[in-house]
Amino acid sequence: MTMCNSCQQDAEEKYAELKKVLTKYHNDPESLIVALHEAQLIFGYLPRDVQIHIAEALNVPISEVYGVVTFYSLFSTVPKGRNKITVCMGTACYVKGAGDILEALKENLKIDVGETTEDGVFTLESARCVGACSLAPVVMVNGEVHSEFTAQDIPELIRGYRAAQDPAEKRSDLH
Amino acid sequence: MGQKEYLKNQQREVLQNCGLINPENIREYIARDGYQAMGRVLTSCQPQDVIEQIKKSGLRGRGGGGFPTGRKWEYAARAVNEDKYIICNGDEGDPGAFMDRSVMEGDPHAVLEGMVIAGYAIGAHRGYIYVRAEYPVAVERMELAIKQARELGLVGKNIFSSGFDFDIEVRLGAGAFVCGEETAMLNSIAGKRGEPRPRPPFPAVAGLFHKPTVINNVETLANVGRIFLKGPEYFAGIGTEKSKGTKVFALAGKINNTGLIEVPMGVTLRSIIFDIGGGIQKGRKFKAVLIGGPSGGCIPEDHLDAPIDYDSLLKLGAMMGSGGLIVMDESDCMVDIAKFFLEFTQDESCGKCTPCRVGTKRMHEILQRITIGEGKEEDISLLKRLAEDIRKSSLCGLGQTAPNPVLSTLRFFEEEYLAHIRDKHCPAGVCSRLVRFEIIPEKCTACSICARICPVEAISGEPKKPPYFIHQGICIKCGACQAKCPFSAIAKI
Ligand SMILES: Cc1cc2nc3c(=O)[nH]c(=O)nc-3n(C[C@H](O)[C@H](O)[C@H](O)COP(=O)(O)O)c2cc1C
Ligand code: FES
């Protein structure tokens, strides 16, 4: 795939940053999970090529890196949307109707859990308790807690984040 | 008045600093006698005395199982090895619990102090705090606390000039419930897949990097400093004969006062739910309280006067677990909740052993069938048989306890299962395929709103000639009519 200049530059910067991170963990297989966390912060997800870089630096077989990436639910091998909507499906939220909220969000965004909208603005996820059970049901957007959430709050929430999307930035991200 | 009732039955020991001190300033912790116990222990106690004192206090693990902490330390202390480790379990996997999060965020130094004392007792020089990545604030606070303690020489080399070295590091989880299990956690800290392994060897003999290791829960460790500050007798004076001290619970669900509470062991669930919790929301009727999360069970009205301690809860087929209490009212379906937990354990099963990987899947399928009205009477005995097999043959605690929510709901609410199976009816009105919507003739004004909103044209009638009628054969039970009826004339049965 060809990239435009600014994306090429962007990718180069990210790999430079990754390289910096990996020098800390050189030949240190025990730091695999930490390294993956940091790499995911840089790239937003863990593409195959990044996994290979990590495997080589830490001296871990790539199969093992892949095994760890797929074992833990917070690691992703596919890119995520710019805004992450997480519906808490822990017990406290579930008994307060989190299931209905999740269904309504799926319908509104027209995606399933774990998927990203076509325009790349939203990724929908579900979590197992975010530790705010007394505010249940809870929905998090980019780590920010929306408490005592109801399905009626959805349209406004979505509209807010879509409006905040700078159209210029949106174009340059489309690759 | 509410406030008084709320506080009357509580006793703040572990939570004594939470919300009172600035957790990002070590001096505020020190001002409240923090690190004093550690100083005394390191400079004037032999490791063996430390273990004896903990045994005398009667402290038992707050992470679920309730294993006596003194004995756990003793095993690790006896193991001969240059390198030993202390691990603080801050994974808090029980969905619906947030006690450990609050302690790590509100009083991080109490956790560190407990770890250093534990390290001294068993002869370890390194500790890890394993925190789930879903708790970024807890991670930040713990890291800051370690940095500040290190700067003051309270963690690191030659603490209090005692010659004892102990350093602490935070390790992050990555979203796997099974990593709360101790042998799985050992793998995860070492950067591997968090799969458990058979025990023995126990971690006290061969743990992290195959070295003797003590794994303790956050709340267990947060109790340690206080035991030395106030004396083991003080601690042993709180609670019941076999369960000492206080326990922090996270109250959530259909209850008026939600939040963290701390009570002496041995208080009744009734007192927690109705005095402290202020009773059920919306004036509804209490149905059951879930305790112990996906490994625990439910406790119905009849048993609310049982004292909360490790042993009474086990007798009731539940368990203390980490301290999540979720209250359910008459509008909650017990079969649905059992299915919810099985879906959780099935999803979180690491897949290493067959009974857990396949068994929980089969149980979940049966429950799924029951909740959509396709259950058979034999399903109940099949569930019980599967439960027994999974319990006996699973590799780790996840599988061994996964059937508990099913067994427990069957024990107290079998008639609810039977209603789903025989009458194809969900008494609580939760399982959507097993409810009916009906128009209440006396309330219907024939406004025709329901007929217009119905997506499948299942409602008919003539305007201004009540009542309208719902054709059950066509109805898809979406509930849209009930939500829109201005006269509350549609009932869910
Ligand atoms: C599937 C599973 C999940 C667990 N999750 C946790 C947890 O989140 N936090 C915890 O402290 N203990 C958890 N435990 C219990 C730990 O394995 C271990 O017994 C405990 O941390 C020991 O500490 P304690 O003796 O201080 O209670 C879990 C056990 C199992 C089987
Ligand atoms: S169950 Fe949703 S925040 Fe705990």
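Just so you know, all these numbers are worked out from the coordinates, no wet-lab data involved. Just so it is clear, the structure is predicted and the values come from calculations on it, not from any experiment. No Cβ is skipped: glycine too gets one built from the backbone with ideal geometry, and neighbour counts run over all protein chains shown.
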key: Computed magnitude of the charge dipole of chain B (debye, nearest 20; Cβ of K, R +1, Cβ of D, E -1)   = 440
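Between the DSSP loop rule and a limit of at most 14 other Cβ atoms within 10 Å, which trypsin sites (Lys or Arg not before Pro) in segment B:335-409 are left?
Sparse-neighbourhood loop trypsin sites (Lys or Arg not before Pro): B:376.
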message = Could you compute Rg(Cα) / (2.2 N^0.38 Å) for segment B:436-492, with N its residue count?
response = 0.94
query = When the C-alpha atoms of segment B:149-231 are aligned to their principal axes, what extent does each axis show, in angstrom, from largest down?
reply = 39, 27, 26
request  = List every residue whose amide H lies under 5 Å from the amide H of residue A:81, counting only residues 5 or more places away in sequence or on a different chain, with H placed 1.01 Å from N in the peptide plane.
outcome  = A:123
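Residues of A:72-81, mean number of Cβ from any other protein chain within 10 Å of their own Cβ, rounded to a whole number?
Mean shielding count: 3.
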note = Percent antiparallel among DSSP beta bridges confined to chain B, nearest 5, equals 55
note = Comparing A:70, A:117, A:86 in a Gaussian network model of chain A (Cα, 10 Å), the one with the largest mean-square fluctuation is A:70
ask   = Give me the log10 of I(q) over I(0) for segment B:107-166 at q = 0.14, 0.26 Å⁻¹, as the Debye formula computes it from C-alpha points; what are the numbers?
value = -0.38, -1.12
ask   = Taking the convex hull of the alpha carbon atoms in segment B:344-422, what volume per residue do you get, in Å³?
value = 75
Peptide A:131-139, shielding by other chains (average Cβ, 10 Å cutoff) = 6
key: More than 30 Å apart - percent of Cα-Cα pairs taken over chain A   = 30
key: Qualifying lysines (Cα of each under 26 Å from Cα of residue B:56; at least 8 residues distant if same chain)   = B:72, B:84, B:230, B:242, B:244, B:247, B:315
query = How high is the relative contact order of chain A, in percent, counting Cα pairs under 8 Å that sit 6 or more residues apart?
reply = 17
Nitroxide proxy distance, nm - points 7 Å out along Cα→Cβ at residue B:487 and residue A:100 = 2.3
inquiry  = Please compute the modelled spin-label separation between residue A:84 and residue B:374, points set 7 Å along Cα→Cβ, answer in nm with one decimal.
reply    = 3.6
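Which of the peptides B:255-265, B:114-124 is most tightly packed, and how do the rest follow, judged by the mean count of other Cβ atoms within 10 Å per residue?
B:114-124, B:255-265
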key: Distance histogram in 10 Å bins (all Cα pairs of segment B:225-289, percent per bin)   = 20, 41, 25, 12, 2
message = Pairs of alpha-carbon atoms within less than 8 angstrom and 6+ residues apart define the contacts here; what relative contact order does chain B have, in percent?
response = 14
ask   = Do any GluC sites (Glu not before Pro) in segment B:189-244 lie in a DSSP loop with no more than 13 other beta carbon atoms within 10 Å, and if so, which?
value = B:241
Residues residue B:407 and residue B:40, FRET efficiency given R0 of 56 Å [Cβ-Cβ distance, rounded to 0.05] = 0.75
remark   = The long-range amide H neighbours of residue B:11, using H built 1.01 Å from N in the peptide plane and a cut-off of under 5 Å, are B:262, B:263
Stretch gain in nm, segment residue B:471-residue B:365, where the contour uses 0.36 nm per residue and the Cα spacing is subtracted = 35.2 nm
inquiry  = Give me the dipole magnitude in Debye, nearest 20, for the protein assembly as shown about the Cα centre, with unit charges on the beta carbon: positive for Lys and Arg, negative for Asp and Glu.
reply    = 940
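Sum up the charges of everything whose Cβ sits under 14 Å from the Cβ of residue B:35, counting Lys and Arg as +1 and Asp and Glu as -1, but leave residue B:35 out.
So the environment of residue B:35 carries a net charge of 0.
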task = Considering the convex hull of the alpha carbon atoms of segment A:83-173, report its projected area averaged over all viewing directions, in nm², one decimal.
result = 5.4
task = Using only atoms on other chains, find how many Cβ atoms lie within 10 Å of each Cβ of peptide A:92-105 and report the average.
result = 4
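Can you tell me the FRET efficiency between residue B:305 and residue B:9 if r is taken as the Cβ-Cβ distance and R0 is 22 Å, rounded to the nearest 0.05?
Efficiency for this residue pair is about 0.95.
For chain B, compute Rh as the Kirkwood radius over C-alpha pairs and then the Stokes-Einstein diffusion coefficient at 20 °C and 1.002 mPa s; write the answer in µm²/s, rounded to an integer.
Values: Rh = 24.5 Å.
Rounded, D is 87 µm²/s.
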note = Row for segment B:118-259, column shape: gyration tensor on C-alpha, a ≥ b ≥ c, rounded if a/c < 1.5 i.e. under 1.5, prolate if a/b over b/c, else oblate; value rounded
note = For chain B, the charge dipole (Cβ of Lys, Arg +1; Cβ of Asp, Glu -1; about the Cα centre) points to a positive end, and the Cα of B:467, B:397, B:370 closest to that extreme belongs to B:467
key: segment B:75-177: C-alpha gyration tensor shape, a/c 1.5 cut-off, then a/b vs b/c   = oblate
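Return the FRET efficiency for the residue pair residue A:141, residue B:415: r is the Cβ-Cβ distance, R0 is 51 Å, and the value is rounded to the nearest 0.05.
Efficiency for this residue pair is about 0.75.
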request  = Could you tell me how many degrees, from 0 to 90 and to the nearest 10, lie between the Cα long axis of helix A:32-43 and the main elongation axis, the longest principal axis, of the Cα atoms of chain A?
outcome  = 70
message = Tell me the volume per residue, in Å³, of the convex hull enclosing the alpha carbons of the protein assembly as shown.
response = 178
query = Label-point separation (nm) for residue B:197 and residue B:209, each offset 7 Å from Cα along Cα-to-Cβ?
reply = 1.5
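List the GluC sites (Glu not before Pro) within segment B:435-478 that fall in a DSSP loop (any state other than H, G, I, E or B) and whose Cβ has at most 13 other Cβ atoms within 10 Å.
Sites meeting the loop and neighbour criteria: B:442, B:457.
Distance cut-off 29 Å, Cα to Cα: go down the list A:106/B:361; A:19/B:157; A:106/B:477 and report the pairs above it.
Check vs 29 Å cut-off fails for A:19/B:157.
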